[in-house]
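The values are calculated or read from the model by the stated rules, or taken from the named source; none is laboratory data. If you're wondering where the values come from, they're calculated on a predicted model, not measured in any experiment. Every residue, glycine among them, receives a Cβ derived from its backbone with ideal geometry; neighbour counts consider all protein chains shown.
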Amino acid sequence: MFITFEGPDGSGKSTIIKRVFEKLSKEGYQIVLTREPGGTPIAEKIRDIILDNANQELDARTEALLYAASRRQHLVEKIWPALKEGKIVLCDRFLDSSLAYQGGGRSLGIQNVLNVNLFATENTYPDLTLFFDISPELGLKRVNQDKKRVADRLDNENENFHDKVYEAFKKIVDDNQNRIVTIDASKSIEEVTENAYQIIKEKLNGLR
Ligand code: TYD
């Protein structure tokens, strides 16, 4: 079972995914918790290039290709082997982030970015995707309030970019209703965690 967590910056999904991972692990499930961009040493190196604030000249298509490259390496080294062993993989961001950020935010087009990614992923889609729905305004407010967080190259994009990312996410959710479930991420961390956990349990129990 391959499950991805998606949403705008500041949606809280990275905190939620850890809590859900701990809850399910305690119940005895074999789970791999991972994230994108990154997840393996090579993919993390690609991540560093993408998110480095010094790389202001990075071209939008180069950026899309780097995300796809890091995704492929992550699949080959970590995700596919874990799925083969029958483990549950929980991944913080995956394909839909590229469709929303590069397809929408960078205006490359969702379909163009999908094409590049399907080459990289050999058509691997998650079995279930949770979309943590939060307005770009509230998301960015949370990011700015988080004193520990150092803003990366994408966090530092302007509001218009984040609005376009959000619009694209909404369209992707609409077009993939069989795979993506929306969760209201404006609620408390406890409520959102419980919600995410319940949806995943239903999927694991074959009720979804
Ligand atoms: P991440 O570390 O998940 O940031 P956050 O903690 O805000 O969730 O991801 C870093 C940034 O990379 C984030 O702004 C989203 C962006 N991103 C893309 O633009 N395309 C992608 O394919 C992925 C996976 C992430």
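Some notes on this structure:
- Scanning the range 29-54 for residues that are touching a residue at least 40 places away in the same chain (Cβ under 8 Å) and either within 13 Å of the ligand (Cβ to nearest atom) or crowded, with 17+ Cβ neighbours inside 10 Å (or both) yields a count of 12.
- Take the conditions (1) under 16 Å from the mean Cα position of the chain (by Cα); (2) more than 20 Å from Ile200 (Cα to Cα); Val20 misses just one of them, which is (2).
- Pairing each residue of the range 58-75 that is among the charged types (D, E, K, R) with any residue that is within 11 Å of the ligand (Cβ to nearest atom) and at pLDDT 95 or above, provided the two are 6+ apart or on different chains, yields C-beta distances under 6 Å for Arg71/Ala120; Arg72/Ala120.
- Picking from residues in the range 1-28 that are among the acidic types (Asp, Glu) and away from the ligand (no atom under 15 Å from the Cβ), the one that is surrounded by the fewest Cβ atoms within 10 Å (Cβ to Cβ) is Glu27.
- Criterion: surrounded by fewer than 20 Cβ atoms within 10 Å (Cβ to Cβ), within 27 Å of Val192 (Cβ to Cβ) and more than 11 Å from the ligand (Cβ to nearest atom) - qualifying residue of Asp163, Asp155: Asp163
- Elements of type helices (runs of 4 or more DSSP H) in the range 53-151, at least 2 residues being more than 15 Å from Glu6 (Cα to Cα): 60-74, 80-84, 110-121, 136-145
- Failed item, numbered, when Asn117 is tested on (1) within 19 Å of Ile42 (Cα to Cα); (2) of a type outside the set (Val, Ile, Thr); (3) out of contact with any Leu (no Cβ under 6 Å at 6 or more places or on another chain); (4) within 12 Å of the ligand (Cβ to nearest atom): (3)
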